[in-house]
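One structure, pasted below without further comment.
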Amino acid sequence: MDEKDLFALFALALLALALSLSTADQEFLLTQQSFSNALAIESAVKGVPAPAGPENVSWPYVSAAAFAYSQAASYAGAPPQFDPGLLVSVLKALNAAFALASAAAFYFALRQFYSREASAFGSAMAVASIPALGIFLSGIAVPSSLGLAAFACAAALLSKGLKESAKGTAQGIAFGALAGLAAAFSVAAWSGAILAFMAAGAGALAQAAYSSFRKEGGSLLPCALAFVALGAAGAALAGFGALPAADFSAPAASFLLFAPLAAVALVLALLKASGRHQAEFPDVFALAFAASSLAASVFSPAAALPGLAVMAAFAVEGLPSALGGRIQATLATGLVAGFAAFVFLSGFVSAEVSGVVGALLALAGGIAASTHGGPKAKEMIGFAFAGMLAFASITSALLLAQSQSSPVAPELAAALSWMAANTPQDSVVAVAAQPEMVAFISQRKALVEGVPEWLLSNQSSAALAALGADYLVMDYSYFDGIERMKNQTNSASVRIDSFYPVMRFSSGDYAGYWEFYSQGSGTIALLPIELSGQARIPDAALITPDGAQRTVPFARFLLLKDSDGLIARAILPTSGYSVNLFNAFFASVPGLAKAYPAGEGVSRVYSVGAG
């Protein structure tokens, strides 16, 4: 490894850290799954049994995070009581470290076979992909971050083992064995890594069989078998369960920028299979690994990343030879220029505008490629191909990262922080949703079972106290999720619609009206008010999703104001609405006393059994 490799690693490290830390300014974790995992880590820090939660919170991840927290607390001189804010900071730092380790390990793995440019490109495409962002962003705490980093290290060891075996050295089997152990650890940390392990094992065995058939170099079979045998045995000992279920909910754009690379890899495979191009080591490994990873992406997009990184490097390395004459080079450059521009611009403008601009840039790119000649033309076109895809991937990743928002609204965060500071530590707080988030921030036990049923009933507070609740957290988001609660509790008779403010009309027939929108019903409400709540005329308009419009008295709307006195929700009760959810905000429930806040607010804490 020379200084140019070090520079490539430095650039990849900066990329990985920039992407991972792009959401580091968020105060809380970003997903409910992350809060659930944080509770398991908190339990490990305290040395108490973990609360009931998802089965995929692995002991390697929990142990690593708990150890990191303990070290950070010791270094910072933190007080003996658990600090949830410190754990959030530790989890952000761990994600950045795992992203950096993955980028470096992918580069080492690819560098065994490909040029530094192709290796850097493959690593960058992997860490800047949408699946990678979904596990490495600061504020996301999932075991797959450790699992993917561990498997990237396994891939680096396997590549080194295959390379040494091809040269006929005895070190190949040792590296293969170490790769198998690293893969087993990755599976123990994250069940989805079994798919990456199977894909890599298929690639290694396929390359070993092909090389043996062609009698090329040393035998790769001992290295491949050591990797597969030790990896499988270790995964079994770690208690690996069933394969992940197929997940078709991943965004269609998850691997959009890998599509041109897959097309190039397919062309190269056909050229090599037909004998027009010479097949070289490790072509079979790369193609089998990539094909298996594409199949695995249906089950886990993140598990496909190691194989797709290999495919990216393979495609870029072989692109100059696949371009053929100037016509092919012109077409390839133009198509990729247009495609990359379309993907990048789709984050800013409509698909139609993105398509038009992409088509114009495709034409410009093709013209530029057609006018470039000389012996280095194909190589320069290859660099342009990789550069455009990398630019589109990285900028799209940054846009996606910046679109992330905290699931904890400021007023709810303030209410939960008040609970943490002002209620007994053994208090039980009743919530209708997001119990993991409430429990982590408030540092109180959260009760959700039976609470939605109570909210959509007229039962007294004694029924809530009988469930074990000392406090009740109410949030305006409960009105937005009322349809979910109705389905959960079979309370079809309750009809309450919740509208949030969208915009104020400054001209036209509804000049001066505020538009409110109901996410549950899709209905638009046009209210003749200032956002402070003062009505100017007595009627409001409702527009249903099918375009039907009717007028309703403005007095039927009840306005829920935030701590600044501005309307956060307009509530329209229709029938069966006199239930505890409604009464807690707009009337009263015997036995409930508001403890926080003192004035207006969309997030409230009630003591149960008061009075």
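From the set of residues in the range 531-557 that are in contact with a Pro (Cβ under 7 Å, 6 or more places away or on another chain) and surrounded by 15 or more Cβ atoms within 10 Å (Cβ to Cβ), which is modelled with the lowest pLDDT?
Here the answer is A535.
This table checks each residue for (1) crowded, with 24+ Cβ neighbours inside 10 Å; (2) among the β-branched types (V, I, T); (3) under 25 Å from P222 (Cα atoms); (4) at pLDDT 90 or above.
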| residue | (1), (2), (3), (4) |
| --- | --- |
| V127 | yes, yes, no, yes |
| L137 | yes, no, no, yes |
| A152 | yes, no, yes, yes |
| G168 | no, no, yes, no |
| Q171 | no, no, yes, yes |
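Still on this structure, please answer the following. Restricting the first residue to the range 506-530 and requiring it to be over 14 Å from Q549 (Cβ atoms) and at pLDDT 85 or above, which pairs with a second residue that is among the polar types (S, T, N, Q) and open to solvent by less than 10 Å² (accessible area, probe 1.4 Å) meet a Cβ separation below 7 Å and a spacing of at least six or different chains?
S518/S498
The rows are residues; the columns are (1) β-branched (V, I, T); (2) within 18 Å of L456 (Cα to Cα); (3) open to solvent by 20 Å² or more (accessible area, probe 1.4 Å); (4) in contact with a Gly (Cβ under 8 Å, 6 or more places away or on another chain).
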residue	(1), (2), (3), (4)
P573	no, yes, no, no
G576	no, yes, yes, no
V579	yes, yes, no, no
A584	no, yes, no, no
L592	no, yes, yes, no
A595	no, no, yes, no
A598	no, no, yes, no
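Only one of these is modelled with pLDDT of 85 or more and surrounded by 12 or more Cβ atoms within 10 Å (Cβ to Cβ): L221, L261, L257. Name it. Spell out how you get there, then give the answer.
On the way: L261 fails: modelled with pLDDT of 85 or more; L257 fails: modelled with pLDDT of 85 or more.
Sole residue among the options that is modelled with pLDDT of 85 or more and surrounded by 12 or more Cβ atoms within 10 Å (Cβ to Cβ): L221.
Ok, one more. When the range 264-290 is examined, which residues are found to be modelled with pLDDT of 85 or more, open to solvent by 10 Å² or more (accessible area, probe 1.4 Å) and closer than 15 Å to A209 by Cβ?
Across the range 264-290, the qualifying residues are F281, D283, V284, L287, A288.
To keep it simple, each residue is scored yes or no on (1) more than 29 Å from A409 (Cβ to Cβ); (2) in a loop (DSSP other than H, G, I, E, B).
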{"position": "L6", "(1), (2)": "yes, no"}
{"position": "A11", "(1), (2)": "yes, no"}
{"position": "Q26", "(1), (2)": "no, yes"}
{"position": "L39", "(1), (2)": "no, no"}
{"position": "F113", "(1), (2)": "yes, yes"}
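Sticking with this structure for a sec: With the checklist (1) surrounded by fewer than 19 Cβ atoms within 10 Å (Cβ to Cβ); (2) under 30 Å from L257 (Cα atoms) in hand, flag the one item Q81 doesn't pass.
(2)
Another one. Please state which of the following conditions A196 fails to meet, knowing it meets all the rest: (1) over 12 Å from A154 (Cβ atoms); (2) under 25 Å from the mean Cα position of the chain (by Cα); (3) of a type in the set (A, V, I, L, M, F, W, C).
It fails just one condition, (1).
Condition first: more than 16 Å from D497 (Cα to Cα) and hydrophobic (A, V, I, L, M, F, W, C). Can you find one or more residues in the range 567-581 that meet it?
no
Under 28 Å from V90 (Cα atoms), touching a Leu at 6+ places or on another chain (Cβ under 6 Å) and polar (S, T, N, Q): which single residue out of S138, S165 fits that description? Walk me through how you get there before you give the answer.
On the way: S165 fails: under 28 Å from V90 (Cα atoms).
S138 is the lone residue from the list that is under 28 Å from V90 (Cα atoms), touching a Leu at 6+ places or on another chain (Cβ under 6 Å) and polar (S, T, N, Q).
Let me ask something else about it. Looking at (1) modelled with pLDDT of 85 or more; (2) open to solvent by 20 Å² or more (accessible area, probe 1.4 Å), which is the one condition that is false for A303?
(2)
Now for a different question. Within the group L87, L15, L30, which residue is in a helix (DSSP H, G or I) and surrounded by fewer than 22 Cβ atoms within 10 Å (Cβ to Cβ)? Before the answer, list the steps.
Numbers: L87 fails: surrounded by fewer than 22 Cβ atoms within 10 Å (Cβ to Cβ); L30 fails: in a helix (DSSP H, G or I).
Answer to the check: L15.
Pick out the one residue from A103, A120 that is more than 25 Å from F185 (Cβ to Cβ), buried (at least 23 other Cβ atoms within 10 Å of the Cβ) and modelled with pLDDT of 90 or more.
Details: A103 fails: more than 25 Å from F185 (Cβ to Cβ).
One residue alone meets the criteria, A120.
Taking only the range 418-451 into account, find how many residues are open to solvent by 20 Å² or more (accessible area, probe 1.4 Å) and within 20 Å of T31 (Cβ to Cβ).
Of the residues in the range 418-451, 7 are open to solvent by 20 Å² or more (accessible area, probe 1.4 Å) and within 20 Å of T31 (Cβ to Cβ).
Could you tell me whether the range 179-195 includes any residue that is assigned to a loop (DSSP other than H, G, I, E, B) and either surrounded by fewer than 24 Cβ atoms within 10 Å (Cβ to Cβ) or of a type in the set (S, T, N, Q) (or both)?
In the first step, residues of the range 179-195 are kept if they are assigned to a loop (DSSP other than H, G, I, E, B); the result is 190-192.
Now narrow it down to the ones that are either surrounded by fewer than 24 Cβ atoms within 10 Å (Cβ to Cβ) or of a type in the set (S, T, N, Q) (or both): 191.
There is at least one residue in the range 179-195 that is assigned to a loop (DSSP other than H, G, I, E, B) and either surrounded by fewer than 24 Cβ atoms within 10 Å (Cβ to Cβ) or of a type in the set (S, T, N, Q) (or both).
Kindly indicate which of G201, G161 is free of Cβ contacts under 8 Å to residues at least 40 places away in the same chain and open to solvent by less than 10 Å² (accessible area, probe 1.4 Å).
Working: G161 fails: free of Cβ contacts under 8 Å to residues at least 40 places away in the same chain.
Being free of Cβ contacts under 8 Å to residues at least 40 places away in the same chain and open to solvent by less than 10 Å² (accessible area, probe 1.4 Å) holds for just one of G201, G161, which is G201.
Looking only at the range 456-504, which residues are part of a helix (DSSP H, G or I), of a type in the set (A, V, I, L, M) and within 16 Å of R569 (Cβ to Cβ)? Talk me through it step by step, then tell me what you get.
We begin by selecting, within the range 456-504, every residue part of a helix (DSSP H, G or I); these are 461-466, 477-480, 482-489.
Remaining after also requiring of a type in the set (A, V, I, L, M): 462-466, 482, 485.
Correct list: I482, M485.
Quick check on this structure: which one of V90, V62, V57, V45 is at pLDDT below 90 and closer than 26 Å to E436 by Cα? Spell out the reasoning first.
Values: V90 fails: at pLDDT below 90; V62 fails: at pLDDT below 90; V45 fails: at pLDDT below 90.
Step by step, each of V90, V62, V57, V45 is checked, and only V57 is at pLDDT below 90 and closer than 26 Å to E436 by Cα.
So, A155, is that one assigned to a helix (DSSP H, G or I), over 27 Å from the mean Cα position of the chain (by Cα) and not acidic (D, E) or not?
On the way: assigned to a helix (DSSP H, G or I): yes; over 27 Å from the mean Cα position of the chain (by Cα): no; not acidic (D, E): yes.
For A155, the condition - assigned to a helix (DSSP H, G or I), over 27 Å from the mean Cα position of the chain (by Cα) and not acidic (D, E) - is not met.
Need the failing condition index for A446 against (1) over 22 Å from A50 (Cα atoms); (2) within 31 Å of the chain's Cα centre (by Cα); (3) hydrophobic (A, V, I, L, M, F, W, C), just the number.
Evaluating A446 over (1) over 22 Å from A50 (Cα atoms); (2) within 31 Å of the chain's Cα centre (by Cα); (3) hydrophobic (A, V, I, L, M, F, W, C) leaves (1) as the failure.
The values are calculated or read from the model by the stated rules, or taken from the named source; none is laboratory data. Quick caveat: nothing in here was measured; it's all calculated off a predicted structure. Counting neighbours? That spans all protein chains shown, and the Cβs are built from the backbone with ideal geometry, glycine included. For accessibility, only protein heavy atoms count, side chains too; no ligands or nucleic acids. Shrake-Rupley method; radii C 1.70, N 1.55, O 1.52, S 1.80 Å.
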